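The structure appears right after this line, and notes come after that.
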Amino acid sequence: MRTPLCVVLILSLFRFPAMSQNTKPTNATQKSNARFEQMCDQFVKESLALSPVTASYAGLHKYTDPKTGKARELDAELDDVGPQGIAAQEKFYRSWRQRFQKETPLASLNAQDAADYRLIDDQIALNLLELDQIRSYKHNPTGYVELIGNAMFLPMTQEYASKEVRFGHIVARIGQIPRFLDQAKSQLMDADPVFISTAVGESEGNLNLIDSVGADLPASLKAQYDKAAPAAKKSLTDFNAWMKNDLAKRPTNGRTWRLGKKWYDQKFRYVMETSVTPEQVLADAEVELKRLRGEMLQLALPLYRQMFPGQSEYNDLPARERENKIISAVLNKISDEHAQRDQLVEAAKADVDGITQFIREKKIVTLSSRDNLKVIPTPEFERGSYSVGGFHSAPPLEPTAEAQYWVTPIDPKTPDAKAESKLREYNTYALKWLTIHEALPGHYVQFEHANNVQPPSRRLLRNLFSNGPYVEGWAEYIADVMTQEGYLDNSPKFGLVRRKIFLRALANSVLDIKLQTMNMTEQEAMDLMLNDTFQTQAEADGKMVRAKLSSTQLPTYFVGWRQWWSLRKKYEAAKGSAFNLEEFHNQALDQGPLPIEYLEKIILPPETGNK
């Protein structure tokens with residue numbers, strides 16, 4: 001899972017004209033496009049100025065207010081989350097939507113600009129849905145806690161200036177934590193228990209992060225830090241106590257972690273940016289889940305006979321029960337092969353080298369020359385959402401900066417049985433899959449290509465408002481490609497584990513839609529994960545929490561996977577015998593994370609049906 005740059009948008013309310021990339025623009029269109037590019041740049045930078053922490057993520061460090069002329073060091077600021085700040089965001093999005101509709105009509109734009117228009121309009125729609133109706137800032141404290149963590153973590157790890165300057169920015173932000181948490185308290189009305197427990201745990205990570213800043217602080221900043229840190233730590237400790245003793249005891253008036261069908265359907269539309277409905281995704285995922293289990297049985301049977309010679313093959317059992325017996329036995333045996341509990345990060349680092357060599361040998365996709373990937377433990381303040389791992393791309397405005405593949409280590413305090421459960425879930429083969437998905441040729445490669453998009457204003461826009469199915473679908477699709485191209489010498493163990501993991505992607509869609517809109521019980525969810533998709537208890541427990549913390553993100557894997565395969569088949573048909581796998585991947589990735597249905601309009605020739 002890639003770490004979000006900001007709220008992820010998606011699906012448009014508009015139908016776009018079918019225009020190929022080579023459409024010859026008229027003078028009027030050229031003038032409109034120049035105007036649109038200028039407006040996009042202004043919109044994105046003004047939106048980042050409203051959220052300085054997100055600006056740090058994007059690599060926008062300085063901003064001059066066009067109205068006042070005041071220059072701002074965004075990395076030294078912590079977001080305004082009080083009523084005035086929220087009102088400013090709402091006003092901003094409404095006014096910009098009107099401006100785009102009036103000043104750069106969609107019909108005047110070429111294919112590239114029309115795609116950008118879609119991203120912007122859907123981002124605006126998604127943010128207005130959040131601000132006006134869902135209002136998570138009133139009910140979920142995790143967003144506040146994670147924003148504080150990112151406010152400190154980003155300047156620590158992104159070398160946009162000298163260490164003294166960057167740590168000066170961190171200390172300035174630490175000094176604003178009491179104000180920020182006072183604003184959070186004034187906004188929060190109630191919260192589901194899972195939001196509170198997650199926020200409390202992640203807040204502990206923020207306390208540790210403040211100490212880490214102090215331990216690595218340039219001497220010139222010590223006096224400023226010594227003044228700011230105690231008050232910040234006290235405010236965090238007090239905020240945790242307030243969440244447990246006040247917020248947790250407030251009546252929620254029926255509001256829980258479940259989003260509900262009305263809001264879910266709207267959000268789903270903007271996040272997916274496709275005409276598919278939740279009902280269609282759910283039905284297709286359940287059919288695919290049954291089909292894939294049958295495929296896994298055929299792959300598992302030869303392994304079962306090797307691993308358990310002479311033992312019963314359960315031919316007298318019903319199909320589902322027989323599948324569970326055979327597949328579970330093989331997967332359980334495969335899971336004996338895993339890293340030591342304190343070696344997960346080191347094992348992932350070792351996998352990167354072998355995977356890189358395979359990609360080059362098979363010419364799967366062009367790799368970046370920047371060589372800026374670093375494998376690190378997942379930051380503590382993010383481990384509630386990223387219980388296994390994640391990817392943090394280089395800022396789009398600083399593409400040569402460090403990109404991070406996060407692997408979540410096992411806490412030394414974790415009981416042995418729970419630690420063993422996680423290690424078995426992320427065994428030797430599953431950990432290799434995780435590296436493929438999060439790093440190479442998954443999200444790292446994907447965003448290295450995206451960070452080459454020109455002009456920089458378009459690069460920033462498409463990275464900032466990246467389409468979820470494009471992003472997560474690529475990582476699932478490319479894991480299929482690696483398997484089909486013979487990774488690990490066509491290892492049947494890896495092939496079975498890869499299919500098991502894709503079962504999880506299918507279950508993600510079922511879980512998200514049913515939990516958020518159909519009152520699926522926790523027992524039903526756990527049964528799906530443990531008995532239908534072969535997950536361990538630790539993995540299922542972590543996914544249950546994640547499913548409660550988020551909505552509409554989990555289906556992006558399956559939706560995007562289907563879209564990527566559909567795009568490839570259309571591209572292959574258009575190219576015929578001239579089809580080249582590496583060329584296709586490069587062309588699709590070089591556009592940045594656009595909605596795939598509109599990406600087709602750019603990379604497919606008109607005669608393929610893109611008319």
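The values are calculated or read from the model by the stated rules, or taken from the named source; none is laboratory data. Fair warning: this is a prediction, and the values are worked out from it, not measured in the lab. FYI the Cβ positions are ideal-geometry reconstructions off the backbone, even for glycines, and counts take in every protein chain you see.
Laid out as a table, the results:
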| item | result |
| --- | --- |
| Where residue 513 falls short, out of the listed (1) assigned to a helix (DSSP H, G or I); (2) under 29 Å from residue 415 (Cβ atoms); (3) not hydroxyl-bearing (Ser, Thr, Tyr) | (2) |
| Residue 131 assigned to a helix (DSSP H, G or I), in contact with an Asp or Glu (Cβ under 8 Å, 6 or more places away or on another chain), at pLDDT 95 or above and within 29 Å of residue 266 (Cβ to Cβ) | yes |
| Set 597, 583, 607, 572: member being modelled with pLDDT under 95 and surrounded by fewer than 16 Cβ atoms within 10 Å (Cβ to Cβ) | 607 |
| Matching residues, segment 466-486, being crowded, with 24+ Cβ neighbours inside 10 Å and not in a helix (DSSP H, G or I) | 466, 467 |
| So residue 187, is it surrounded by fewer than 19 Cβ atoms within 10 Å (Cβ to Cβ), free of Cβ contacts under 8 Å to residues at least 12 places away in the same chain and either of a type outside the set (Phe, Trp, Tyr) or assigned by TED's automatic domain parsing to the domain that holds residue 457 (or both) | no |
| Positions within segment 67-98 being part of a loop (DSSP other than H, G, I, E, B), touching a residue at least 24 places away in the same chain (Cβ under 8 Å) and loosely packed, with under 12 Cβ neighbours inside 10 Å, in sequence order | none |
